[in-house]
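The values are calculated or read from the model by the stated rules, or taken from the named source; none is laboratory data. Source: prediction; values computed, not measured. Quick reminder, even Gly has a Cβ in these numbers, built from the backbone with ideal geometry, and neighbours come from all protein chains shown. These area figures cover heavy atoms from the full protein model, side chains too; ligands, DNA and RNA do not enter into them. Shrake-Rupley method; radii C 1.70, N 1.55, O 1.52, S 1.80 Å.
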Amino acid sequence: MTQNEVLDRLPLHLRKLVIDQQYNNYTWQDHALWRFVMQQNVAFLKDKAHSSYLEGLANTGISVDRIPDTETMNRILSKIGWAAVTVDGFIPPAAFMEFQAYNVLVIAADIRPIDQIEYTPAPDIIHEAAGHAPIIADPEYAEYLRYFGEIGSKAFSSSADFALYEAIRHLSILKADPNTPGPDITNAEQRLAKLEASLGLPSEMALIRNLHWWTVEYGMIGDMNNPKIYGAGLLSSIGESANAMSDRVLKLPYNIDSVYYNFDITTQQPQLFVTPDFRHLTTVLDEFANRMALRKGGIEGLLKAIESGNTATCVYSSGLQVSGTFTDYILHQNQPIYLFTQGPTMLSCNNQMLEGHGRDYHVHGFGSPIGRFKNAVKPPRYLDDHDLKQLGLIPGTATSLEFESGLIVRGRLLSVTRNEEKLVLLSFADCTVQYQDRILFQPEWGVYDMAVGESIISAFGGPADADAFGLEYPVPTEKTHKIVYSEQQKKLHRLYGELRLIRESESGYDRIPAIWQSLTTEFRNDWLLPLEIFELYHQLGGIDEISKEDILTYLDQLKSSDPSFSRLINRGLNIMNL
């Protein structure tokens with residue numbers, strides 16, 4: 001992985017999802033496919049994409065002629081404060097969002113097979129590099145993308161979300177492999193449909209993924225009657241971008257209601273959303289974020305943390321962050337006054353673990369009051385040493401501390417912990433914690449570390465200090481299928497390579513008739529190489545031993561044999577104005 005300042009900031013748990021691009025594994029047919037798609041994109045999108053698209057290609061290290069390598073992209077992206085890494089297909093949504101928050105573009109290393117050139121259900125380098133990268137050259141959009149990652153990575157997921165992600169990943173892998181048996185795809189589709197039908201109420205992550213889909217992936221911008229394209233799914237699909245501009249696709253104004261429109265990755269979209277400008281994207285995102293536990297906290301946030309069943313963080317008004325698996329709470333007058341975690345728990349401030357309060361210390365869980373101290377005028381986070389003394393909280397001295405809720409803490413104060421002058425933690429020995437007739441902590445359990453704060457102001461998915469907590473996103477066990485080529489297919493790829501060398505070196509034209517002979521006798525289902533030969537014929541004004549009529553007749557035969565060939569060949573000829 002190329003090192004630059006952006007990549008150096010990537011935490012360990014994200015680095016584990018990064019794979020080598022293995023650039024030399026791309027075939028010459030892959031490079032020809034890339035070139036064809038990019039030629040189509042540039043020609044079609046030059047007046048249909050957002051104005052930053054064409055300039056963005058150059059500013060992000062993407063060429064029309066060959067598949068980009070991340071080494072080159074990173075050298076260029078570093079100039080605008082971004083970076084790129086390659087991954088294996090779909091990665092967990094929270095991880096994808098977190099990469100964005102670090103200004104890192106995630107690129108699926110594989111490229112779609114030639115029979116999925118117009119649309120692929122799996123992420124690939126055409127979608128990621130040719131779709132996502134160019135628009136991040138626009139500073140306002142780039143900041144939206146980063147901000148979306150920051151918010152989205154904090155969204156609560158459910159166990160059903162992860163099962164759905166795995167089912168989508170599995171189906172995309174099968175569909176991207178041209179050798180997958182039909183019944184396997186049918187079974188995977190049925191499993192996905194069954195999971196989608198049983199999801200119940202959508203989680204925060206499910207909802208915010210909808211916003212991501214209708215903006216970052218399939219967004220349109222500008223005038224409702226003549227919008228431009230900026231979403232990566234449209235910019236990278238020569239079939240769907242044309243479809244998006246037609247009247248067949250409903251155009252709706254982008255607003256917070258877009259969050260309720262689900263999407264299907266395996267087919268083209270029936271409606272798309274148009275934002276007036278990039279600034280509006282952030283406005284809608286903020287509107288959604290205000291509904292999230294991240295900003296609401298309270299009992300709603302605590303409940304979402306518990307319902308997630310995964311590592312989560314609750315933030316006290318003092319700034320203390322408690323990260324672990326939340327299991328229960330106590331209410332008083334409809335407000336949470338005590339929280340519980342089970343298993344390893346970590347305490348942090350400002351996303352940095354408090355020294356001595358890692359998961360190895362709070363290994364069995366954590367429980368602590370929430371609320372104001374009785375007889376204290378100030379909120380507890382603002383109590384100074386004098387205020388604590390007035391309440392009888394003197395280090396080394398036994399005391400009894402009562403909360404307004406009636407909860408009582410009795411013990412010998414060991415230490416006082418502050419962060420940025422705010423009181424965040426009081427630690428007691430020989431401590432008993434009681435609420436009504438319920439004992440919440442006993443002296444024999446050891447030191448009682450009591451969080452300080454009158455309320456929970458935020459709750460979000462994942463730990464506050466991911467690397468200190470030891471967060472690991474599950475590295476997918478099912479890998480994308482690497483196509484095993486026959487010797488005959490490898491021979492075809494060599495013909496592609498030979499023709500490319502002729503075109504780029506501007507020499508060896510006498511070899512073209514032999515390539516044509518081999519193509520027309522051994523590879524009669526390949527439509528792209530004869531198009532490349534005709535392009536070269538057109539540029540040279542003729543090729544010895546091959547007439548223009550020979551090539552056009554051959555292309556016409558291919559067009560009559562398959563409707564998809566007809567569309568693609570016609571598009572290729574249109575690029576040449578023929």
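Key figures
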| read-out | value |
| --- | --- |
| Projected label distance in nm at residue 472 and residue 540, using a 7 Å step from Cα toward the beta-carbon | 5.7 |
| Contact order normalised by residue count of the chain, Cα under 8 Å, 6+ apart, percent | 12 |
| Label-reachable residues, the stretch 273-299, where backbone N falls under 19 Å from a point 7 Å from residue 249's Cα toward its Cβ | 273-278, 281 |
| For the stretch 1-59 versus the stretch 202-243, the gap between their alpha-carbon centres in whole angstrom | 18 |
| Accessible area expressed per residue, the stretch 177-335, with surrounding protein chains retained (probe 1.4 Å, Å²) | 43 |
| Accessible area per residue, Å², the stretch 377-477 with all protein chains present, probe 1.4 Å | 48 |
| Relative contact order of the stretch 450-578, defined on C-alpha pairs under 8 angstrom at six or more residues apart (%) | 17 |
| Residue 472 accessible area, assembled protein chains, probe 1.4 Å, Å² | 120 |
| The chain - percent of accessible surface contributed by carbon and sulfur, probe 1.4 Å | 49 |
| Two-site FRET efficiency, residue 517 against residue 163, from Cβ-Cβ distance with R₀ of 56 Å, rounded to 0.05 | 0.60 |
| Helix-only [θ]222 nm of the chain, DSSP H runs n ≥ 4, -39500 (n - 2.57) each, per residue, nearest 500 | -11500 deg cm²/dmol |
| Gain in span if fully extended, residue 65 to residue 415, counting 0.36 nm per residue against the direct Cα distance | 119.5 nm |
| Matching label, P(r) over Cα pairs in 20 Å bins from 0, in percent computed from the structure shown, candidates (i) 19, 43, 25, 10, 3, 0; (ii) 17, 35, 32, 15, 1; (iii) 19, 49, 28, 5, 0 | (i) |
| Extension reserve of the residue 491-residue 352 stretch, reckoned as 0.36 nm per residue once the Cα distance is removed | 44.4 nm |
| Label point distance in nm, residue 439-residue 261, each placed 7 Å from Cα along Cα→Cβ | 5.9 |
| Separation in nanometres of the label points that stand 7 Å from Cα toward Cβ, at residue 75 and residue 327 | 5.5 |
| Theoretical FRET efficiency, 1/(1+(r/R0)^6), r = Cβ-Cβ of residue 375 and residue 290, R0 41 Å, to 0.05 | 0.70 |
| Residue among 12, 135, 332 farthest towards the positive dipole end of the chain, charges placed on Cβ | 332 |
| For the chain, size of Cβ-based charge dipole, Lys and Arg +1, Asp and Glu -1, in debye | 840 |
| Folded to 0 to 90 degrees: helix 298-308 orientation relative to the chain principal axis, Cα | 60 |
| Positive-end extreme of charge dipole, the chain - chosen from 120, 258, 361 (charges on Cβ) | 361 |
| Estimated FRET transfer efficiency (residue 185, residue 564; beta-carbon r; R0 22 Å; 0.05) | 0.75 |
| Added length on full extension, which subtracts the Cα-Cα distance from 0.36 nm per residue, residue 547 to residue 402 | 42.6 nm |
| Pairs beyond 19 Å (Cα-Cα), from 296/378; 175/482; 154/228; 48/251; 194/482 | 296/378; 154/228; 194/482 |
| Relative contact order of the stretch 108-186, pairs being alpha-carbon contacts under 8 Å that are 6 or more residues apart, as % | 37 |
| Rounded if a/c under 1.5, otherwise prolate or oblate - the stretch 427-484, Cα gyration tensor axes | prolate |
| Farthest toward positive dipole pole in the chain [+1 Lys/Arg, -1 Asp/Glu at C-beta], among 199, 553, 85 | 199 |
